[in-house]
Structures are given as structure tokens and as C-alpha cells.
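The values are calculated or read from the model by the stated rules, or taken from the named source; none is laboratory data. Since the structure is predicted, the reported quantities are computational estimates derived from the model, not experimental observations. FYI the Cβ positions are ideal-geometry reconstructions off the backbone, even for glycines, and counts take in every protein chain you see. For accessibility, only protein heavy atoms count, side chains too; no ligands or nucleic acids. Shrake-Rupley method; radii C 1.70, N 1.55, O 1.52, S 1.80 Å.
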Amino acid sequence: MPPESQIPIASQGAPKRFATRLALFYGTMFGMLGTHLPFFTVWLKAVGVDAFWIGIITAVPAVTRFTVLPFVTGLAERHQALRGAIVVTAFATALGFCVLGTQHQPVLIFLAYVLTCCLWTPTGPMTDAYALRGVARYGLDYGPLRLWGSAAFVVGALACGLLVDVIAARHLIWVIASVAALAAFVSLGLQPLSSPKSAPHLQQGAGALLRDPGFLAIIVTSALIQGSHAAYYIFASIAWQQSGLGGLTIAGLWSLGVVAEIALFALSPRFTLPPVMLVVIAALSAVARWVITAQEPPLPILAIVQLAHGLTFGLTQVGTMGLLLRHVPGHVMARGQGYLAACSGIVSSSASILAGAVYGGYGQGVYYVMAVMALTGAVVMWLARHRLAGHPQSAASGG
């Protein structure tokens, strides 16, 4: 991967071009995720993959997040080619899904999906790292850039949902591959950013991250809060359907959460509280949300609770990115994002397994476990608040 080229920082149109092109890439990247998350398993079933293999195959992305992903992000930074790595992984992802579309045997699908995910899952963290470098360089806000990803996720899911009634389920993989290809071509328009100048300095900063209690508090807290959504992601629709809610109502409840998330991203530039407090508020909001959800509230209250997704997910994301921006040097931001994704992968996969075990015996009581996870995240962040208040690193250094 070649080093990224320098660009004149004084260019008047550079911030706008950076923001526009990044927003487009966020949109296409999450649009692909919106087609993949709800319908990839539908395709697997349509081509004859049984439930056992579906479970194994769908576990692959979570595993790659804490195995391969940190090495890919580290490789990108060592070669000073973050933008180039995003382009390469985006095209590799599109190619991988095209190859997947030609396979129908479970073992071959599994192997192709493993190779695809090894390069697909690092794309998101590297894009966030690239975004934070641009935010620091141009004085932009992360939330308004990231909201296009959430909006496109909804559009992608709805569009693919409409296509389910038009095309055979065995062709859905080509919808996913097509949006992945669009994201790959959009990645070519990402604006180059200046790269670090000193490789030894880069190595030293990367190693120091995992020895920094403040950084560890950031990634652990974020992983606990986001991981507390595991029961919601897995069992919410099942529980709502069992309680008598129709498909349209269930879709509406999910959409309320994403709309609240988009609204929070849009409003985030107006927030004046420090990122530490934003994360603590997000964690406590998650505690309240899961405790109320455990009570199986009636639909009107449930709809209000769904709006809390803007706080439990969106505010956690905004606060975490703000902390990383202040606490992690720009020249190791990609590795910082990689460590965050790895920690989140471990916690989320563990929470999913735990949620499955608890839900089988206690039903909606599983949300009390999720509340404890979120509360633990709040405690970790609160205890680390003084350490993080000093902002020991400059996010713009090297980036």
C-alpha cells in the first residue's frame, strides 16, 4: 500500500470535499450493511444451508473483529496508507461477496465468507479513524458525518426488503454484492490526508495505547454499553412477535430507534458536555432502557423506550469518538479503532452467547443482565473520568 500523499491544508474547499465524500462513503458502506444484516441469512437458507451451518457462518464477522482486524489496521498504519487500505478492503469486500454468490456448498460458503470478513470488518474502524483524522484536521464534527451511515442503513434494509417480494431469495446475495461494489467505487473519491513522518514514533505510540489505563477504560466502557444491546438485537423481534405485534409494528419500532440515532448524530455538534459525561449518560440511559424493557411494557411505552436508542447507541458512539479524538494520537488512530473493535467483538460475542442462555430460561429477564453490563460501563467510565479529563494526547499529531 503506497503512502498517502500530502494535501494543502489551506485549500478553501478541502473541508467540504472531505465531508461530502466521507458522508457518501459512510452511506454506501452502511447501506451495504443494511442489505446484509437482515437478509444474508435469508439467502443462506434459500441456497440450502441448514441451521447448524448458518449459525457457524454468521459467527464469522464477530470472530474476525478480535483476531484479524487489529492486524489489518496496524498494517495500514505501519505503511502509512489508511485511505489506501480502506479502498483495498472495500474492493476486496465487493469481490468477496461476488465469489460468495457463486457458491452453494456450506463449507465453500464458509471459507469464502471467512476470507471476505477478514478484509470487510476492518473497513469500518479504519473509516472511523480516517474520519477522526479529518475531523481534527478540518475542525469538523463527527456526528453529522456519521448520520449518513445510519440513514443509509435504513434505506438499504427497506430497499432490500421490498426486493424480497420481487426477486427470488437465492438472488439476494447479488443485491448485497452490488451495494458493496458501489461502496468500493465511492471509496476512490475519499480525500487523501497527510501521513505520519516517523515510523519509530508510530510504533511507540501504538504500543503505548494498550498500556494506557485511560484508553483501556474507553474501549472497555464502549464495549460494555454497546454489548448490552445483544439481547435487543437478537430477541426483540421474536419477543414482540410472540406478544402479538404485527410485522409492520415491529418494523416501526426498529425504525424509531434508528431515527432517534440519526437525530442525535445531527444534534451532536451542539452538545457542550465533555465526552466522558456523554458516555456516562449513555450508559445510565441503557440501564433504564433495559430495566423498562424487561417489564414487557405496553406498545405506547415501548415506542418511547425505543427512542432511547439515540442515547444508548448514538450517544455512546459520539462520546467514544470524542474521547478517542482527545486521547489517542492521530498517527495511531486506526490501531486505536482496531483495538476498540476487537474489544467490542469479544464483549458482544460473549454477550450474545450469554443472552441466548439466559433468554431460554428467563425470557425478558435477560434485559436485567444487559442492564448490569451497561451499569458496569458507567462505573468504569466514572472512575476513569479524572484520568481522561487531562486529554494527554493530541488527536492531530501525525494525522
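Among His36, His309, His171, the residue with the largest mean-square fluctuation in a Gaussian network model of the chain, with springs joining Cα atoms closer than 10 Å, is His171.
What order do you get for 347-358, 319-330 when each peptide is scored by the mean count of other beta carbon atoms within 10 Å, highest first? Before the final figure, lay out each step's value.
On the way: 347-358: 17.9, 319-330: 24.9.
Highest to lowest by the protection proxy: 319-330, 347-358.
Top mean-square fluctuation among Ala157, Ala208, Ala62, Gaussian network model of the chain, C-alpha springs under 10 Å? Looking only at Ala157, Ala208, Ala62, the biggest GNM fluctuation is shown by Ala208.
The relative contact order of the chain, computed from alpha carbon pairs under 8 Å that lie at least 6 residues apart in sequence, is 27 percent. Take the Cβ atoms of Val166 and Val372, set R0 to 56 Å, and the FRET efficiency comes out at 0.80. The modelled label-to-label distance between Ala159 and Thr102, using points 7 Å beyond Cα along the C-beta direction, is 2.5 nm.
Report the FRET efficiency, 1/(1 + (r/R0)^6), for Ala389 and Ala288, where r is their Cβ-Cβ distance and R0 is 35 Å, rounded to 0.05. Could the numbers behind the result be given before it?
On the way: r = 25 Å, r/R0 = 0.73.
Efficiency at R0 = 35 Å is approximately 0.85.
Solvent exposure of Lys45, expressed as accessible area, is near 150 Å², computed with a probe of 1.4 Å over the protein chains only.
As a fraction of the 1.4 Å probe accessible area of region 262-305, surface on carbon and sulfur atoms comes out at 74 percent. The residues of the chain present an accessible area of 42 Å² per residue when probed at 1.4 Å with all protein chains retained.
In the context of the full protein assembly, Leu307 retains an accessible surface of approximately 90 Å², using a probe radius of 1.4 Å and ignoring ligands and nucleic acids. Among 376-386, 235-245, sorting by the average number of other beta carbon atoms lying within 10 angstrom of each residue, highest first, gives 376-386, 235-245.
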